[in-house]
Amino acid sequence: MLKHGFVRKCPECGSVNLFLNKEKGEVICKDCGLVVDDKMVDFGQEWRDFDSDKSDSRRRSGAPMTYTQYDQGLGTEVGRSADLSQFSSKARNKFFRLRKWQYRISTAIERNLKLALAELKRVVSYLKLPKSVEEEAARIYTLAVRKGLVRGRSMESVVAGALYAACRRHEVPRTLDELSEASGIEKKEIGRTYRFITRELEIKIIPSNPADYIARFSSALKLSPETQSRAVEILDKAQSEELTSGRGPTGIAAAALYVSALIHGEKRTQREVADVAGVTEVTIRNRYKELLDKLKLEKEIKKVKSKSKE
């Protein structure tokens, strides 16, 4: 009789005299020595660590798997010893040879992942993206490497494309201009790589919502919460009138914020809004005119202008 109510018999001799080795997670027959099960799960309570000195001795598991490391955090390596003076010269040479050969015997995919994931971490830190986006981008890049999609393309462009796809999947608004600035790759190249990766890996991307950009743009322009809320209302009306379809989400979001700022008397130039949104002044001007014509917002703006003159 074992714990958790499981009654087992040895498949070799039929004995029920079984022993559970908790340290190894094995069930062993005491009569014939057969290992009946070698992957037992400990359902006991996890230790709580209040003393850092005892944390290592009480730990039952290591760090979780992560795609942000080339070996997903499961590999081991010959580390850098702080003090080698206590070893003989022969032992030190052997130590250095082991480290050198461990790097040499790694596969081309592993070497590529080492460099790419370091670049990914740098771009993520520059854009201040959450850990979930970094994990998803690393997973997408790993899949792309294993499928051979990196050949013929620069590593940096594939990293940027994977990161943009991860941002879109997690609904974290980042523009191609921001990724281009952070990675040093042209905006068009990132867009091409992003479309190629998502198509080949069959990644479904939900179209980005212009309202997701309002909070960031409003914060950069130092606009009031009322202006921000009004911009979201304008976008809702624009979507119901189908003004957002076929247009860039950043451009329509910036135009809605520009209109809202005018309505609330917070004057911002089209140039200032365009610089924050990463679009041209022409785009702001065109979207602005469309919103005024279709949503009939001219009266509200005229009222604000007349009050300011008074």
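How much length, in nm to one decimal, is gained on full extension between Trp101 and Val282, taken as 0.36 nm per residue of separation minus their Cα-Cα distance?
Between Trp101 and Val282, full extension yields an extra 59.4 nm.
Can you find, among Thr142, Pro64, Leu20, the residue sitting farthest towards the positive end of the charge dipole of the chain, where Lys and Arg contribute +1 and Asp and Glu -1 at Cβ?
Result: Thr142, furthest along the dipole toward the positive end.
Give Lys121/Lys147; Lys222/Lys296; Lys121/Lys188; Lys128/Lys187; Lys39/Lys128 a once-over and call out the pairs whose C-alpha atoms are over 30 Å from each other.
Listed pairs above 30 Å: Lys39/Lys128.
Sorted from largest down, what three extents in whole angstroms do the Cα atoms of the chain have along their principal axes?
Between the extreme Cα coordinates on each principal axis of the chain lie 98, 56, 43 Å.
If I take the Cα coordinates of the stretch 136-185 and project them onto the principal axes, what are the three extents in Å, biggest first?
Reported extents, whole Å, longest axis first: 28, 23, 10.
For the stretch 108-200, give the magnitude of the charge dipole about the Cα centre (Cβ charges: +1 Lys/Arg, -1 Asp/Glu; no others), in debye to the nearest 20.
On the way: 19 positive and 13 negative charges, 63 e Å.
So the dipole magnitude of the stretch 108-200 works out to roughly 300 debye.
Please report the relative contact order for the stretch 183-310, taking Cα pairs under 8 Å with a sequence separation of at least 6, and give it as a percent rounded to a whole number. Intermediate values should be presented prior to the final figure.
Details: 109 pairs, mean separation 29.2, N = 128.
About 23 percent, as a whole number.
In the chain, which longest range has no chymotrypsin sites (Phe, Trp or Tyr not before Pro) that are both DSSP loop (not H, G, I, E or B) and surrounded by at most 13 other Cβ atoms within 10 Å?
Values: sites that count: Phe6, Phe43, Trp47, Phe50, Phe87.
Formally, the longest exposed-site-free interval is 88-310.
Read-outs throughout are calculated quantities, based only on the coordinates presented, and are distinct from any laboratory measurement. Computed from a predicted model, the values in this text were never measured in an experiment. Methodologically, a virtual Cβ is constructed for each residue, glycine included, from the backbone with ideal geometry; neighbour enumeration extends over all protein chains shown.
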